[in-house]
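Below is one structure, written out as structure tokens; comments come after it.
The values are calculated or read from the model by the stated rules, or taken from the named source; none is laboratory data. If you're wondering where the values come from, they're calculated on a predicted model, not measured in any experiment. Don't worry about glycine lacking a Cβ; one is built from the backbone with ideal geometry, like all the others, and counts go over all protein chains shown. Only protein heavy atoms, including side chains, enter the accessible area calculation; ligands, DNA and RNA are left aside. Shrake-Rupley method; radii C 1.70, N 1.55, O 1.52, S 1.80 Å.
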Amino acid sequence: EEDGWVYNAGDLVEPGSVLLGGSANRFGFGLRQQHFHKCVMLVVYLDDDFAKALILNRPSDKRTPRGWRAFFGGDVRGLSAPLAEQEWACIHRLSSPRAIQVSQKVMGSFYYTSLEAAEELVDAGEAVPEDFWTFSGYAGWGAGQLRMEMEERASWHVASASNNVVAGLMEGSQQASTTEAGISTWTGLVQRVGIQPSPDHLSDRLLRAWARKELMGDDAARQDRALEVLSRTQTRRRQQGTEGGTRVGMLLRAALPSRFILSQQFLHKSLLLVLQDSDEATVACVLNRPTANAVVFQVGASDEEEMGPRGVED
């Protein structure tokens, strides 16, 4: 395939490199930083002190004031930041002198510029909105941070790809469903560079839940809020149906569908025992989250009573 090459670049990172969310990361990105799970990123800037990349496979239903579709480019100054603090950028393949003058070359025929400069090119008749892929936010690393995440955590795979492959990635993402969260884009690319990741259905589910919460349009957000209000109403009605509402000794079971997928995951499918209850607060303990830790109590001058599994140090 002419100009359709892509290969595993080992640990060589340079402007234009493609970073793939690592599949061997011990802790993964599923429980936190879901936006990095199975992400495909393009490095747009790199020096000894700073690295900057844009996530290519996180299309959103959000729009710029002019109606251009926005990608979630990263967690730094991205869609979740206050509007005044968001940083918008565009990738393009324009070759006119004016377009190149207001842009920074990334690789081959790809250039990086600000949203403001892109809009000015459209206003001047030098381009049309479809010439640009628009991103809100970016991923950034300080001196040595990206190298450490690659070597010590196996957080990233590095690929080198041709212009056509990168263009195909972004064009495919531009047309993709937001709820798919770019998983198929990542899967296809890691297979092309010879990586066979293990299935990670839980992290995939967490990523899709994150995409629904952060990337869906206003209608979906209103629907989610309505479901949350309904869930709270149902919980309150169940409590009011018992004598005295919540009381000491009562067992509480986390409701489904769960509200604890993306945060406070220890409460997902939890069983709680109410220990204290007052008008100011209710205190409960989670009964079904055993750990491997041991607790040692000093009960006398020399007597100790160990609580927990034998042979496990405090």
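Be a star and scan the stretch 270-284 for residues whose amide nitrogen sits under 19 Å from the point 7 Å along the Cα-to-Cβ vector of V295.
Answer for the stretch 270-284: 271-277, 283-284.
Using protein chains only and a probe of 1.4 angstrom, how many square angstrom of S96 are accessible, to the nearest 10?
30
Taking all protein chains together and a probe of 1.4 Å, list I195, I100 from the most accessible to the least accessible.
Largest to smallest exposure gives the sequence I100, I195.
For K62, what accessible surface area do you get with a 1.4 Å probe? Give it in Å², rounded to 10.
So the heavy atoms of K62 present about 60 Å² to solvent.
To the nearest 10 Å², what's M216's accessible area with a 1.4 Å probe?
Estimated to the nearest 10 Å², M216 gives 30 Å².
Could you give the dipole magnitude of the stretch 117-172 about its Cα centre, charging the beta-carbon of Lys and Arg +1 and that of Asp and Glu -1, in debye to the nearest 20?
440
Could you tell me which chymotrypsin sites (Phe, Trp or Tyr not before Pro) in the stretch 1-103 are loop residues by DSSP with no more than 14 other beta carbons within 10 angstrom of their beta carbon?
For chymotrypsin sites (Phe, Trp or Tyr not before Pro) across the stretch 1-103 that sit outside H, G, I, E and B with at most 14 neighbouring Cβ atoms in 10 Å, the list reads W5, F27.
Would you mind calculating the gained length between R63 and V122 on full extension (0.36 nm times residue separation, minus the Cα-Cα distance), in nm to one decimal?
Going from the current span to full extension adds 19.6 nm.
Treat every Asp and Glu Cβ in the stretch 103-214 as -1 and every Lys and Arg Cβ as +1, leave all other atoms uncharged, and give the resulting dipole magnitude about the Cα centre to the nearest 20 debye.
With Lys and Arg at +1 and Asp and Glu at -1, about 600 debye.
Give the long-range amide H neighbours of V106: residues separated by 5 or more places, or on another chain, with amide H under 5 Å away, using H modelled in the peptide plane at 1.01 Å from N.
Here the answer is Y111, Y112, since their amide H atoms fall under 5 Å of that of V106.
Let me check something: with ligands and nucleic acids excluded, how do L19, L267 order by accessible area (1.4 Å probe), largest to smallest?
Sorted descending by solvent-accessible area, the residues read L267, L19.
Quantify how much of the Cα-Cα distance distribution of the stretch 1-110 extends past 22 Å, in percent.
43
With Cβ to Cβ distances under 10 Å as the rule, what net charge do the other residues near S114 carry (K, R +1; D, E -1)?
Every neighbour counted, the sum reads -4.
Less than 12 Å Cβ to Cβ from A254, Lys/Arg counted +1 and Asp/Glu -1: what total charge do the surrounding residues give?
+4
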